[in-house]
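The structure under discussion appears below in the form of structure tokens.
Read-outs: derived from the displayed coordinates by stated rules, not from any lab. Here the structure is a predicted model, which means the values were calculated and not measured. Here the Cβ positions follow ideal geometry from the backbone for every residue, glycine too, while neighbour counts run over all protein chains shown.
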Amino acid sequence: MIIEKINSPKDLKSLTTKELTILCDEIREVLLTKLSEHGGHIASNLGIVELTAALHYVFNSPIDKIVFDVSHQSYVHKILTGRKESFLEKDKYDDVSGYSAPSESEHDLFILGHTSTSLSLACGLAKARDLKGEKYNIIAVIGDGSLSGGEAYEGLNNIAQSDTNTIVIVNDNEMSIAENHGGLYQNLQDLRESNGKCEYNFFKALGLEYHYIEEGNDVAKLISALSEIKDSKKPVVLHVHTLKGKGYNYAEKDKEKWHWGLPFDLKTGESKVQVPVDYNELTANYLLKKIKQDSNVVVITSGTPSASAFTKKRREAAGAQFVDVGIAEEHAIAYASGISKNGAKAIYPVYSSFVQRTYDQISQDLCINNSPAVLIIFAGSVYGLNDVTHLGLYDITMMSNIPNLVYLAPTCKEEYFAMLDYAISQKEHPIAIKVPGGGVISREIAECDYSKINKFEITHQGEKVAILALGTFYHLGEQILDELSKYGLNATLINPKFITGIDKELLEKLKSNHELVITIEDGILEGGFGEKIASFYGTSKILVKNYGIKKSFPDRFVAEELLRENGISLEQITADILTLLNIK
């Protein structure tokens, strides 16, 4: 196999076009073998094989610097830059991350996992190069879906005026995660259909030199096109039309489904993993019902309809009441504020990792205006995504300190939907709901008037020690309660429900017969919920112990291991309580 001889990009340069074509076929086979056993980003990597091989054949990485937007399409790049063993050898599959990582290779410049950033990063690299008087190529590889992000426009705008070597490769496979949305995509379609020659050209309108190649999976034609623009003295765009999922029939036919996946059977395409019913599916069914009941309900996504399991069939059923704004989280928040301010009801399901991109809009466009939109925060948990670029651990510290926002933490399925009912019906505040992590749990709940903001619920009245167990960790609180009873302790268990405030009246009452208060939260400890409780008791005699994740960027962690590292387990917390109360 040719792939076995490729240890760096230099090894590509002696290959013939025929050998490069064979190599691309081998890479595709290797990718499918690993992905079927390990899971990962499938269709995007299958579609960019020839383009990546051509880039490394023409350019001289790492002297020439290649930045892959999002970088979930960088698997081929990793194979060609000395990391092929992590794709060929099963016991080394986890030696590399799913995204670019400078710790792995000098060919990776940035840790990247969020979209629309490559153009700005490349623009900065080019500026520093020119200031130092150096000469080499800067190449940004961005997908057509990523062009819908606001930062992509900002980057292109600056690149256009830079008057220096910055090469933008637009990998156009006619897809984001799902279908593309926005006016830009009509122009991309016109450019494809006219072989890049239509009268109106978005890139030329910005002042950029523009080239088009239709055969984006033909390595020879790619090499020819890239060779023409190599060492360009000015900014240039090469628009390349590729096939997402190329080489695997199932992925070519259903590009959305095969964007990312768990291990699967190569022959049948069927998943090897049985996924239980989750909050995504439950939420989709709930929201579709709301849409049918109320023509003023609008569900918004920013390029990730999978966040609320809005499949193509469900999107079609929702019609105009489901809006995909493209990969534009900032716009989604302001858009939701506008909808809500004008009397309709906007609901925005979003992954915690991506809501980080919207802090200014949540504060300025949504909360200052007190627009009663509803945000549903998925995967905001230690049990959520665990790649360093996709962590969902920061939403509590980020969102809980914004005025007017009410952030709710349900403990179970029943409480989650009760909170959603309240959030959608009320008109007083922007409401966010932190979807529980760790799977769907059911339990009986008491009726609650959520309009009484910041009122906690005592679910078990005891004394001496009070456990405030927030959201996901309420069930750990129940276990601690039972464990403490073995030591003769009748503790108090509290379901806070509200993240964005504290129940001063309840906390004050605890002073009468409690010595210790502990808090447990599914997020970063510093600046989180627990520290608000600790601040309240600061001048009192009550001891407070907070549990959460230390401020960090953990990468590809095992949830239970990370929790234990932070002292969050039944045994550790119980032992701490006994020690603090001097109980042996």
_Can you give me the angle between helix 219-229 and the longest principal axis of the chain, using Cα atoms only, in degrees from 0 to 90, rounded to the nearest 10?_
90
*Separation between Cα centres of the stretch 127-186 and the stretch 39-111, rounded to whole Å*: 19
*If you keep only loop residues by DSSP, which GluC sites (Glu not before Pro) in the stretch 383-468 have at most 13 other Cβ atoms within 10 Å of their Cβ?*
GLU428, GLU444, GLU447
_Cα shape, the stretch 279-434, gyration tensor, a/c 1.5 rule_ = rounded
_Relative contact order of the chain, pairs being alpha-carbon contacts under 8 Å that are 6 or more residues apart, as %_ = 10
_Gyration tensor (alpha-carbon) shape descriptor, the chain, a/c threshold 1.5_ = prolate
*Where the centroid of each part is defined by its Cα atoms, how far is the stretch 317-356 from the stretch 360-386 in Å?*
11
_Just to be sure I understand the model, the point goes 7 Å from the Cα along the line to the Cβ. What's the resulting GLU571 to ASN454 distance in nm?_
3.9
*asked:* Apply the Karplus curve 6.51 cos²θ - 1.76 cosθ + 1.60, θ = phi - 60°, to the phi angles in the stretch 469-478 and return the couplings in whole Hz, x for Gly and Pro.
replied: 10, 8, x, 3, 8, 4, 6, 5, x, 4
*Quick one: if the Förster radius is 45 Å, what FRET efficiency do GLU270 and GLU463 give, using the C-beta to C-beta distance and rounding to 0.05?*
0.25
*asked:* What do you get for the angle between helix 413-425 and the principal long axis of the chain? Use alpha-carbon atoms, 0 to 90 degrees, nearest ten.
replied: 80
*asked:* Taking θ = phi - 60°, what integer Hz values does the Karplus form 6.51 cos²θ - 1.76 cosθ + 1.60 yield along the stretch 433-448, in sequence order, with x for Gly and Pro?
replied: 10, 8, 4, x, x, x, x, 7, 10, 10, 7, 6, 10, 7, 4, 9
*Rounded to the nearest 0.05, what FRET efficiency do ASN404 and LEU88 give with R0 = 45 Å and r taken as the Cβ-Cβ distance? Could you check?*
0.25
*Do any chymotrypsin sites (Phe, Trp or Tyr not before Pro) in the stretch 128-210 lie in a loop, going by DSSP, with at most 14 other beta-carbon atoms within 10 Å of their beta carbon, and if so which?*
TYR200
*Name the trypsin sites (Lys or Arg not before Pro) in the stretch 429-465 that are in a loop by DSSP and that have at most 13 other C-beta atoms within 10 Å, would you?*
ARG443, LYS452
*Going by how many other beta carbons lie within 10 Å of each one, how would you line up TYR450, TYR547, fewest first?*
TYR450, TYR547
*If we sort 245-251, 561-567 on the protection proxy, mean other Cβ atoms within 10 Å, highest first, what's the order?*
245-251, 561-567
*Given the convex hull of the Cα atoms of the stretch 117-180, what is a quarter of its surface area in nm²?*
4.1
*Arrange SER552, SER61 by Cβ neighbour counts within 10 Å, fewest through most, would you?*
SER552, SER61
*Per-residue HN-Hα couplings for the stretch 314-327, Karplus 6.51 cos²θ - 1.76 cosθ + 1.60 at θ = phi - 60°, whole Hz, x for Gly and Pro?*
5, 5, 5, 5, 6, x, 6, 8, 10, 10, 9, 8, x, 6
*Most exposed first by the Cβ proxy, i.e. fewest other Cβ within 10 Å, how do LEU23, LEU282 rank?*
LEU282, LEU23
*asked:* Principal axis extents for the stretch 457-580, Cα atoms only, whole Å, descending order, please.
replied: 44, 32, 23
